[in-house]
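Read the structure below first, then the notes.
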Amino acid sequence: MAIIPQHIMKKAFFWPPSLPLRQLLSVLLLAYLDGWRTFPRWLVRHAFGSMPVANGALGMGCIGYPGHPVWEVTSACNLTCIHCHAVSGKPDPRELSTDEGKRLIDQIAEINGFRTLIYTGGEPLVRKDIFTLLRHSQKAGLANIIATNGTLIDEEMAGKLKDHGVVCNAISLDAADPKIHNFVRNKQTAFDLAMRAIEATKKAGILLQINTTAMEYNIPELSRLIDFVDMQDAGIMLMYQLVAVGRGETIKNATLKKSANRELSTLIAEKQRCAGTVIEPVAGPQYWPHLLERKGITGGIPLKLAGKVFHGCAAGRGFVYIKSNGDVWPCPFVEVTAGNVRDRSFVDIYERGEVLVNLRKREEKLKGVCGDCNYRTVCGGCRGRALAFSGDYLAEDPRCFIRK
């Protein structure tokens with residue numbers, strides 16, 4: 001009889017009985033701070049489905065949760081969205097091969113904190129061997145998540161994804177108005193196809209997550225969009241802020257100003273009270289101290305306890321991003337390479353890569369206002385935005401509204 005490696009046995013069942021309680025600490029604190037009235041509804045409808053997605057994580061960060069490896073399996077895409085950080089279009093000739101991808105998956109599975117693997121792009125579903133890779137990570141004991149524009153998912157595709165261990169489809173939706181979404185996605189039928197994907201995902205019994213990028217083009221629409229997403233019965237909504245990287249760097253005045261960052265945090269907090277969907281900010285870690293200050297928590301033991309649950313900027317601190325060519329970045333917005341998996345093992349890069357080590361020690365490494373802030377544990381500022389504006393990923397976040 002074949003011997004199953006220990007790291008796979010640990011992940012063979014997505015979560016032991018204790019882990020949901022640990023994960024629920026995060027949403028319980030969120031519910032308390034925000035006066036989340038519909039928390040019981042989320043608990044009944046989505047908690048069980050969300051557990052394999054968060055899969056053992058304790059806490060919330062600015063891009064979902066810690067323990068969050070994301071692999072950009074291809075830079076190829078069937079869309080040319082105006083804000084794409086990956087500048088997707090054609091496949092990169094340096095993309096990892098199938099065998100290299102399998103080795104990467106096995107190395108990711110060796111890290112105890114990683115129980116999921118997020119496949120992104122580009123559009124991951126245009127990669128020809130995507131189902132081979134999904135099956136491999138499924139057998140390695142990882143729960144698969146697909147971050148997709150949704151245009152290629154119909155009922156048949158959703159069923160196939162379910163069969164290959166996909167527990168969540170994270171579908172991009174930038175407005176409830178089809179014209180705005182189609183404009184952002186550069187495709188006239190993008191909205192209708194995304195709606196088809198949403199319905200197919202729910203019918204297949206896969207948790208629905210909606211990914212939205214907040215920018216000047218859709219800021220007036222976000223309140224309506226959150227309501228629309230809630231009506232679709234999504235379990236999770238990630239509200240990205242546009243960071244000036246990739247194509248986003250070329251869109252004039254599209255990134256949110258400091259005042260808009262505050263307004264977005266206020267909007268998310270207000271909408272969360274009545275939403276049946278967990279709404280989490282991405283590239284907006286000021287949201288967590290914003291919630292704490294609304295409850296008068298500014299220091300002492302309550303702030304330290306909150307720091308155990310709210311992790312703010314997760315770049316390099318549980319979150320890690322693998323480019324299609326094998327480069328390992330702390331985050332899709334922190335374009336600094338810790339190493340390449342063709343040259344070193346992923347485990348070695350993750351544990352010893354300089355940029356990742358620096359970000360794990362951010363409390364003593366951050367500069368400027370961020371380095372002097374008592375919220376540097378629960379927030380830490382957006383490292384991607386700091387890099388985009390100053391060239392230094394440890395510099396202060398220029399869009400922070402918490403510290404004057």
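The values are calculated or read from the model by the stated rules, or taken from the named source; none is laboratory data. Since the structure is predicted, the reported quantities are computational estimates derived from the model, not experimental observations. Ideal geometry is used to build each Cβ from the backbone, glycine not excepted, and the neighbour counts take in all protein chains shown. Side chains are part of the model used for accessible areas, which takes the heavy atoms of the whole protein and leaves out ligands, DNA and RNA. Shrake-Rupley method; radii C 1.70, N 1.55, O 1.52, S 1.80 Å.
Restricting T266, T250, T255 to those that are farther than 14 Å from I171 by Cβ, out of contact with any strand residue (DSSP E or B) (no Cβ under 6 Å at 6 or more places or on another chain), modelled with pLDDT of 95 or more and open to solvent by 20 Å² or more (accessible area, probe 1.4 Å) reduces the list to T266.
Taken over the stretch 305-352, the criterion of being touching a residue at least 24 places away in the same chain (Cβ under 8 Å), more than 17 Å from the chain's Cα centre (by Cα) and either over 23 Å from G121 (Cβ atoms) or surrounded by fewer than 20 Cβ atoms within 10 Å (Cβ to Cβ) (or both) is satisfied by A306, G307, K308, N325, R342, S345, V347. Residue check: A388 meets all listed conditions (1) closer than 28 Å to E95 by Cβ; (2) at pLDDT 95 or above; (3) among the hydrophobic types (A, V, I, L, M, F, W, C) but one, namely (2). E221 satisfies every condition listed in (1) open to solvent by less than 10 Å² (accessible area, probe 1.4 Å); (2) in a helix (DSSP H, G or I) except (1).
The listed residues are R342, R383, and the only one of them that is in contact with a strand residue (DSSP E or B) (Cβ under 7 Å, 6 or more places away or on another chain) and among the charged types (D, E, K, R) turns out to be R383.
I'd like the residue in the stretch 188-209 that is polar (S, T, N, Q) and open to solvent by 60 Å² or more (accessible area, probe 1.4 Å) and, out of all such residues, is nearest to K139 (Cα to Cα).
So the first thing to find is which residues in the stretch 188-209 are polar (S, T, N, Q), and the list is 188-189, 201, 209.
Retained after the next criterion (residues that are open to solvent by 60 Å² or more (accessible area, probe 1.4 Å)): 188-189.
On the way: Q188: 38, T189: 36 Å.
Out of the qualifying residues, it is T189.
On the stretch given as the stretch 147-203, residues that are in contact (Cβ under 8 Å) with a residue 40 or more places away in the chain and touching a strand residue (DSSP E or B) at 6+ places or on another chain (Cβ under 8 Å) total 22.
So which residues in the stretch 347-361 are touching a strand residue (DSSP E or B) at 6+ places or on another chain (Cβ under 9 Å) and either assigned to a loop (DSSP other than H, G, I, E, B) or among the charged types (D, E, K, R) (or both)?
Just the residues of the stretch 347-361 that are touching a strand residue (DSSP E or B) at 6+ places or on another chain (Cβ under 9 Å), to begin with: 349-350, 353, 355-356, 359.
Matches in the stretch 347-361: G353 only.
Of all residues in the stretch 30-40, which are under 16 Å from G307 (Cβ atoms) and open to solvent by 40 Å² or more (accessible area, probe 1.4 Å)? Quick ask: steps written out before the conclusion?
Narrowing the stretch 30-40 to residues under 16 Å from G307 (Cβ atoms): 30, 32-33.
Of everything in the stretch 30-40, just one residue is under 16 Å from G307 (Cβ atoms) and open to solvent by 40 Å² or more (accessible area, probe 1.4 Å), namely Y32.
Of the residues in the stretch 386-396, not one is part of a loop (DSSP other than H, G, I, E, B), aromatic (F, W, Y), closer than 19 Å to M60 by Cβ and touching a residue at least 40 places away in the same chain (Cβ under 8 Å). A count restricted to the stretch 101-132 and to residues that are within 23 Å of G67 (Cβ to Cβ), outside any strand (DSSP E or B) and not basic (K, R) stands at 15. Scanning the stretch 224-237 for residues that are open to solvent by 10 Å² or more (accessible area, probe 1.4 Å) and either part of a helix (DSSP H, G or I) or hydrophobic (A, V, I, L, M, F, W, C) (or both) yields R224, D227, F228, D230, M231, I236.
Within the stretch 146-166, the set of residues being closer than 18 Å to E72 by Cα, open to solvent by 10 Å² or more (accessible area, probe 1.4 Å) and outside any loop (DSSP other than H, G, I, E, B) comprises just one member, A147. Of a type in the set (A, V, I, L, M), crowded, with 18+ Cβ neighbours inside 10 Å and at pLDDT 95 or above - does that describe any residue in the stretch 176-187? Looking for residues that are of a type in the set (A, V, I, L, M), crowded, with 18+ Cβ neighbours inside 10 Å and at pLDDT 95 or above, one finds at least one in the stretch 176-187, hence yes.
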